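Please treat every number below as a calculation from the coordinates, not as lab data. Small disclaimer: the values here were computed from a predicted structure and weren't measured. Counting neighbours? That spans all protein chains shown, and the Cβs are built from the backbone with ideal geometry, glycine included.
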């Protein structure tokens, strides 16, 4: 619910004609921008959002930060693709636009869609990052589109120069159908509370039930709260996992290793003394409220660090048969949307199917939902 | 001489009149924030100080709960990283690093080592008669270090509406 003024920098360069994100990169970007605008304005009515282009005719502010959602969405209509992206000028203009915001109490944030290759040196980007940090402007980078050597590194360098107390983030989005919207949906969760508005918006758009976790908060508030806590903490880990999964997208064995590592953790946690974990107090408190064993495991897993090494898959078969473990694994799978009620149904009906088939089902469900 | 010291004696530590909800500091390191240098209790703790983040400049904005007259200001900081060139702006809201050079400062000072040890800087009193908010711009530090550190900032002055005699605290003679 942070009071924020956001400038969204759109990449409308020639590279956006490509169709590797369906229907085209530019369309996917537009959808993602719409999502973000909706989430921001919903999370706090005083939030303002502005839009500007970095390519095309030049760096141009389409709409200055305003809380009028109709105006914001309307300005994207009729945008043309062309030209080359000017990242540095774009960020500087965004900073200037934020500086002249009407309500000085709003936190400043810039969201950049980086789809074309970055022609700047790392040093230039870091200097810009430092300048942003000095003026306490947070920066979110969405790295998609052209995959070029050194692009992720340059953007990571920019992020680390800007980042102050994890207020800035980066998302690397691999190509695929609806990938951008999903990832910006995850991005919406970075704001904590505002993410739930995004969840409701996305779920409503998909024609699904409006409940966040398939659990009515009125009927069982403690369970809903405990689930929400574990989901929030899961997000950070999921982003890291999403990044890794993007690299290993076609390599199922690696994903399997990732999962087995998680399984190992889950096994270790249930076997070992819970004192080993730092925030067990929270987990225990929540566990005492929610008698659901699945929930307890999910909570414990989300509390642990995700830095464990990949190990052998020997115990995987043993554990696959156990439904409760599978449900928690599913919750942590990259690309799976835990809010999707159909995924929840899947978990409930799971009877130890082979891991690959289950993953296919999840992908199908995800695509159905979109 | 004695008249000067009488004026000095009637000055009060303006810490009580600072509007803490509006206090801001740009380019501060989040672990070492302005409160460490400004607030009673924190500033006296030698372990706590205000430190800059991305570079050595700092922009401190202090609003007051009522109108005050500012007489002098005291900075305490380490030898190398303590502030050197300091510019003060009265009643300028929401300044940024980009427009700090656009306005003429109400007063500016170059701090010496003595100042950093505890000698207050007497300001141009006439410029600070009607102060609602104060902006302090630390331009550089003594030793051109990467970051600037400030241990304490104390503002001396009087309030405009009333001067409650009970509130008068005797300050050290220098």
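Structure data summary
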{"quantity": "Centroid-to-centroid separation of segment A:1-67 and segment B:91-145 [C-alpha atoms, Å]", "calculated": "40 Å"}
{"quantity": "Three principal axis lengths of chain B [C-alpha, angstrom, descending]", "calculated": "43, 30, 28"}
{"quantity": "Residues of segment B:51-91 with amide N under 16 Å of the 7 Å Cα→Cβ point at residue B:124", "calculated": "B:70-73, B:86-91"}
{"quantity": "Partner chain coverage, peptide A:97-108 - average Cβ within 10 angstrom", "calculated": "1"}
{"quantity": "Percentage relative contact order, segment A:4-188, counting C-alpha pairs under 8 Å, at least six apart", "calculated": "27 percent"}
{"quantity": "Relative contact order (%) - segment A:94-152, alpha-carbon pairs under 8 angstrom, separation at least six", "calculated": "47 percent"}
{"quantity": "GNM flexibility winner over chain B from B:50, B:34, B:123 (Cα, springs under 10 Å)", "calculated": "B:123"}
{"quantity": "Gained length - residue A:107 relative to residue A:24, 0.36 nm times residue gap less alpha-carbon distance", "calculated": "26.6 nm"}
{"quantity": "Contour excess over end-to-end distance, with Cα ends at residue A:165 and residue A:92 and 0.36 nm allotted per residue", "calculated": "24.1 nm"}
{"quantity": "Set of segment B:12-32 residues, backbone N closer than 16 Å to the point 7 Å along the Cα-Cβ line of residue A:99", "calculated": "B:26-27"}
{"quantity": "Calculated FRET value between residue B:55 and residue A:57, using beta carbons and R₀ = 30 Å, to 0.05", "calculated": "0.30"}
{"quantity": "Global form of segment A:4-188, assessed from the alpha-carbon gyration tensor, a/c cut-off 1.5", "calculated": "rounded"}
{"quantity": "Exercise: per-residue mean of other protein chain Cβ atoms within 10 Å, A:164-172", "calculated": "1"}
{"quantity": "Inter-site label distance for residue A:69 and residue A:3 at 7 Å from Cα along Cβ, in nm", "calculated": "2.1 nm"}
{"quantity": "Order by protection proxy (mean Cβ within 10 Å, highest first), peptides B:71-78, B:87-94, A:146-153, A:46-53", "calculated": "A:46-53, B:71-78, B:87-94, A:146-153"}
{"quantity": "Residues in segment A:32-66 reached by a label modelled at residue A:119 [backbone nitrogen below 16 Å; 7 Å Cα→Cβ]", "calculated": "A:54-59"}
{"quantity": "Most mobile listed residue (B:82, B:143, B:41) in chain B, GNM with C-alpha springs under 10 Å", "calculated": "B:41"}
{"quantity": "Mean separation of Cα contacts under 8 Å, 6 or more apart, over the residue count of chain B: relative contact order %", "calculated": "36 percent"}
{"quantity": "Per-residue mean of C-beta atoms belonging to partner chains within 10 Å, peptide A:131-139", "calculated": "4"}
{"quantity": "Length gained when the stretch residue B:46-residue B:104 is fully extended (0.36 nm per residue, less Cα-Cα span)", "calculated": "17.5 nm"}
{"quantity": "Separation between Cα centres of segment A:89-161 and segment B:51-84, rounded to whole Å", "calculated": "29 Å"}
